[in-house]
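Comments concern the structure below.
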Amino acid sequence: MHFDLNDLRLFVLAADEGSLTKAAAKHHLSLAAASARIKALEAQTDLPLLYREARGVRLSPPGQAFLHHARLMLHQAELLRSDLHEYGGGLRGRLRIYANTTAVTDFLPEILPRFLSDNPKINIDLQEKPNAEIAKAVLDGRGDIGIVSAPMNVLGLQSTYFSTDRLVLATARKHRLAKRKRISFAEILDEDAVGMHPDSTLQTFLSQVTERLGKPQKLRIQLASFDAMCRMIGAGVGVGIVPESAAKRNQVSMNLALIELTEPWSVRERYILTRDQAILPSYAQALIKQLCAHYAPNDAADDSNRKSGTQTRGAIKA
């Protein structure tokens, strides 16, 4: 099948508007010309893509599938156009990374500067998304690399373990809970809390936990980074759930006490998701190697205790 991108754009417009007349107007076509283009698409697929009705059009079941792929094709075409434009200015490549909140705000800002310095002609498009959306983006080709904080057995994806982190409760040193060694999440729901922004993967996850417990957190403020959270917690605004790596980085300077959580979900294994590492560009493989090498000394003990499964441990050797 050979599709014209303008025809795909017209089809997407018709689906979005629910009207071929409106789509034709936005595409600067007559209704007859627009109708002929859609019929040509249907002739290629040998399937009805739109149901014509008195008040407009609606997608048929094959039309819904066609719309999904049409959007992907148009998205990829736009990325190609953008990339080629940048290649004309000397760029060699673009790496698209979809990652969770901890990766975007905590450890990638530490790792990526060196990578970008070593690869001056490579640009990075970094997007923060929930774990499920990260896997979907890598699977459908919108992302080259995904970074998640939970095992994800998704058909068509390779999963490479690279580190383990833990969520801890952080409090000010003078807080009444500061001397506790361990605590359950349910015990702190009556405390004033400092949280991440509502769309962050961590806050979304904690909201799901509190929904199951039947009691929300008493959030006083929500912030965009773990460092900002630690500053507020140290100042006595409230307690907060933060990754241990971020908490330890700020522990001394912001007078924090760190308390272990008793819940099993507080231990989080981090994975790199790819479609096929073997066919990734060399610079993408270099970043995966750098991530694995960065955490290899700290995770030697964790790695020896992990059970073997469908995931790949260190598919690219450090």
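The values are calculated or read from the model by the stated rules, or taken from the named source; none is laboratory data. Fair warning: this is a prediction, and the values are worked out from it, not measured in the lab. Every residue, glycine among them, receives a Cβ derived from its backbone with ideal geometry; neighbour counts consider all protein chains shown.
Checking every residue in the stretch 81-102 against the condition of being closer than 30 Å to GLU42 by Cβ and either outside the structural domain of ALA246 (by TED's automatic domain parsing) or more than 18 Å from the chain's Cα centre (by Cα) (or both) gives at least one match.
Among the residues of the stretch 276-286, how many are surrounded by fewer than 18 Cβ atoms within 10 Å (Cβ to Cβ) and of a type outside the set (S, T, N, Q)?
Counting residues in the stretch 276-286 that are surrounded by fewer than 18 Cβ atoms within 10 Å (Cβ to Cβ) and of a type outside the set (S, T, N, Q) gives 5.
One residue stands out in the stretch 176-196 among those that are assigned to a helix (DSSP H, G or I) and touching a residue at least 24 places away in the same chain (Cβ under 8 Å): the one that is nearest to LEU291 (Cα to Cα), namely PHE185. Assigned to a strand (DSSP E or B) and not aromatic (Phe, Trp, Tyr): does that describe ILE233? Judged against the criteria, ILE233 is not a match.
Residue-by-condition table, conditions (1) free of Cβ contacts under 8 Å to residues at least 40 places away in the same chain; (2) of a type in the set (A, V, I, L, M, F, W, C); (3) crowded, with 20+ Cβ neighbours inside 10 Å:
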residue	(1), (2), (3)
ASN119	no, no, no
ILE122	no, yes, no
GLN158	no, no, no
TYR161	no, no, yes
VAL168	no, yes, yes
LYS174	no, no, no
PRO198	yes, no, no
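How about the stretch 45-67: which of its residues are surrounded by 13 or more Cβ atoms within 10 Å (Cβ to Cβ), in a helix (DSSP H, G or I) and polar (S, T, N, Q)? If the condition is that a residue be surrounded by 13 or more Cβ atoms within 10 Å (Cβ to Cβ), in a helix (DSSP H, G or I) and polar (S, T, N, Q), then THR45 is the only one that fits.
Working only within the stretch 113-134, note down all residues that are assigned to a helix (DSSP H, G or I) and aliphatic (A, V, I, L, M).
In the first step, residues of the stretch 113-134 are kept if they are assigned to a helix (DSSP H, G or I); the result is 113-118, 131-134.
LEU116, ALA132, ILE134, listed by residue number.
So which of LEU72, LEU84, LEU8 is modelled with pLDDT under 90, of a type in the set (A, V, I, L, M, F, W, C), assigned to a helix (DSSP H, G or I) and surrounded by 12 or more Cβ atoms within 10 Å (Cβ to Cβ)? Steps first, please.
Values: LEU84 fails: surrounded by 12 or more Cβ atoms within 10 Å (Cβ to Cβ); LEU8 fails: modelled with pLDDT under 90.
One residue alone meets the criteria, LEU72.
Touching a Gly at 6+ places or on another chain (Cβ under 9 Å) and farther than 26 Å from GLU263 by Cα: is that true of ASP144 in this structure? No, not satisfied. Pairs are defined by a Cβ separation below 6 Å, a sequence spacing of at least 6 or placement on different chains, a first member in the stretch 124-151 that is more than 18 Å from SER282 (Cα to Cα), and a second member that is of a type in the set (Lys, Arg); the pairs so defined are SER149/ARG268; SER149/ARG270.
Let me confirm something: among GLY156, GLY236, GLY195, GLY240, which residue is small (Gly, Ala, Ser), more than 16 Å from ALA103 (Cα to Cα) and modelled with pLDDT under 95? Spell out the reasoning first.
Numbers: GLY236 fails: modelled with pLDDT under 95; GLY195 fails: modelled with pLDDT under 95; GLY240 fails: modelled with pLDDT under 95.
That would be GLY156, the only listed residue that is small (Gly, Ala, Ser), more than 16 Å from ALA103 (Cα to Cα) and modelled with pLDDT under 95.
Does ALA77 fit the bill of being out of contact with any strand residue (DSSP E or B) (no Cβ under 9 Å at 6 or more places or on another chain), modelled with pLDDT under 90, surrounded by 12 or more Cβ atoms within 10 Å (Cβ to Cβ) and in a helix (DSSP H, G or I)? Criteria met by ALA77. Scoring GLU211 on the criteria (1) exposed (fewer than 15 other Cβ atoms within 10 Å of the Cβ); (2) in contact with a strand residue (DSSP E or B) (Cβ under 7 Å, 6 or more places away or on another chain) leaves a single failure, condition (2).
The single condition among (1) part of a helix (DSSP H, G or I); (2) over 16 Å from the mean Cα position of the chain (by Cα) that ALA137 does not satisfy is (2).
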